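**Student:** Sharing a structure below in structure tokens format, with a few things to ask.
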Amino acid sequence: LSSFVIAIDGPSGTGKSTVARTLATRLGAGYLDTGAMYRIVAVAMLRADVDPDDRVAVADHLPFVQLDTPTDPQQQRHLLTTVLPGNGSSGTVDVTGEIRERAATTAVTPVSANPAVRHWLLDRQQQLAHSGRMVVEGRDIGTVIAPDAQLKIYLTADAAERARRRHAEQTSGDATDSALPGSIQPDGLAAVQADLDRRDRVDSSRDTSPLRAAADAVHVDTSTMTIQEVVEHLLELAAARG
Ligand code: C5P
């Protein structure tokens, strides 16, 4: 199977996920959401009462975690299987909603900065990324997971615009929001902006595969573009690369 990879990297709130999934659908390609994989690991730690900031404890728990991430852009159900130490029995839960909740969004930052976690996911992500025609989305796709990608995109947007989009998404009853229990009020715009700033700062400054544009990435500033405009632009770039 020959592989054709479109790598999409960038900070949070650039419309990356929606753009990547829509692009994959339009191309009839697969879609890999690597952020979802880090989020499933974060949920696994929270469910097992492992402190996400404790690098050694997190590494020690990884052997008991199995994740199942789809590559069909139309079917994004994420499953977590926990293998119980001792008797080896296991249980599988659908964590599609849980991985978007606030607790997971907070825990995923230290979990994804943990070198043991990145190493644990590396082979898996590289294999899935090269399993055919794929649109792969994350922070280190063009630099680490698929440096051989035929097309590398680095999506950006003004910080204020990114916060506005994320806030709108959370208050609109959209995909992400369905994960919020009804009794919880969405965060205010300032809180959303502070959270994005925190995540981007840590993602960009960590030692192991930080958020960084590949030298040969095409930078696309989406601040004044709609999702559809970004998708059309990327389709043109993809067509030019064959
Ligand atoms: O993209 P998403 O916001 O779902 O990613 C969740 C978190 O996972 C990011 O904030 C980042 O810390 C981490 N991540 C990463 N490397 C990737 C994808 C996501 O470190 N390739």
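Values quoted throughout were computed directly from the atomic coordinates according to the rules given, and no laboratory measurement underlies them. All values reported here derive from a predicted model rather than from experimental measurement. Methodologically, a virtual Cβ is constructed for each residue, glycine included, from the backbone with ideal geometry; neighbour enumeration extends over all protein chains shown.
**Student:** In deg cm²/dmol and to the nearest 500, what is the mean residue ellipticity at 222 nm of the chain if only DSSP H runs of at least 4 residues count, each as -39500 (n - 2.57), divided by the residue total? Intermediate results must be reported in sequence, preceding the final value.
**Tutor:** On the way: 8 runs with 104 residues, N = 242.
The helix-only estimate for the chain comes to -13500 deg cm²/dmol at 222 nm.
**Student:** Taking N as the number of residues in the chain, what is its alpha-carbon radius of gyration divided by 2.2 N^0.38 Å?
**Tutor:** Taking the Cα Rg and dividing by 2.2 N^0.38 Å, one obtains 0.98.
**Student:** Taking amide hydrogens as modeled 1.01 Å from N in the peptide plane, which residues meet the under 5 Å criterion relative to Ala48, leaving out close sequence neighbours?
**Tutor:** Under 5 Å from the amide H of Ala48 lies no amide H from a residue far enough along the sequence or on another chain.
**Student:** Residue by residue, what Karplus-based ³J(HN,Hα) values in Hz, rounded to whole numbers, does the stretch 225-242 have, using 6.51, -1.76 and 1.60 with θ = phi - 60° and x for Gly and Pro?
**Tutor:** 10, 7, 4, 4, 5, 5, 4, 4, 4, 5, 4, 5, 4, 5, 4, 5, 8, x
**Student:** Distances over 20 Å make up what percent of all Cα-Cα pairs in the stretch 70-173?
**Tutor:** 60
**Student:** Less than 13 Å Cβ to Cβ from Ala163, Lys/Arg counted +1 and Asp/Glu -1: what total charge do the surrounding residues give?
**Tutor:** -1
**Student:** With every atom except the alpha carbons ignored, what do you get for Rg and Dmax of the stretch 103-242, in angstroms?
**Tutor:** Cα radius of gyration and Dmax of the stretch 103-242 are 16.5, 49 Å respectively.
**Student:** Taking 0.36 nm per residue of separation and subtracting the Cα-Cα distance, what length does fully extending Asp68 through Val202 add?
**Tutor:** 45.6 nm
**Student:** Placing unit charges on C-beta atoms (Lys and Arg positive, Asp and Glu negative, everything else neutral), compute the dipole magnitude of the stretch 1-112 about its Cα centre in debye, rounded to 20.
**Tutor:** 440
**Student:** Using the Karplus curve 6.51 cos²θ - 1.76 cosθ + 1.60 with θ = phi - 60°, work out ³J(HN,Hα) for each residue of the stretch 125-142 in order, rounded to whole Hz, and write x for Gly and Pro.
**Tutor:** So the J values, rounded to whole Hz, are 5, 5, 5, 4, 4, 9, 9, x, 8, 9, 9, 10, 10, x, 10, 10, 6, x.
**Student:** At what distance in angstrom do the alpha carbon centres of the stretch 57-87 and the stretch 192-242 lie from each other?
**Tutor:** That distance is 27 Å.
**Student:** Is there a quick way to get the dipole size of the stretch 87-242? I mean about its Cα centre, with the Cβ of Lys and Arg at +1 and of Asp and Glu at -1; what is the value in debye to the nearest 20?
**Tutor:** Roughly 360 debye for the stretch 87-242.
**Student:** Distances over 18 Å make up what percent of all Cα-Cα pairs in the stretch 195-240? If you can, show how the numbers build up before the last one.
**Tutor:** On the way: 533 of 1035 pairs.
Within the stretch 195-240, distances greater than 18 Å cover 51 percent of Cα pairs.
**Student:** Collect residues whose amide H, placed 1.01 Å from N in the peptide plane, falls under 5 Å from the amide H of Val218; neighbours closer than 5 in sequence don't count.
**Tutor:** Lys152, Ile153, Tyr154
**Student:** Which loop-located chymotrypsin sites (Phe, Trp or Tyr not before Pro) does the stretch 1-110 contain, where loop means any DSSP state but H, G, I, E or B and the Cβ has at most 16 other Cβ atoms within 10 Å?
**Tutor:** On the way: sites: Phe4, Tyr31, Tyr38, Phe64; in loops: none.
Within the stretch 1-110, no chymotrypsin sites (Phe, Trp or Tyr not before Pro) qualify (loop, at most 16 other Cβ atoms within 10 Å).
**Student:** Going from the alpha-carbon gyration tensor of the stretch 108-152, what semi-axes, largest first and in whole Å, does one get by taking the root of 5 times each eigenvalue? The partial results should precede the final answer.
**Tutor:** Numbers: eigenvalues 81, 25, 14 Å².
Semi-axes from the Cα gyration tensor: 20, 11, 8 Å.
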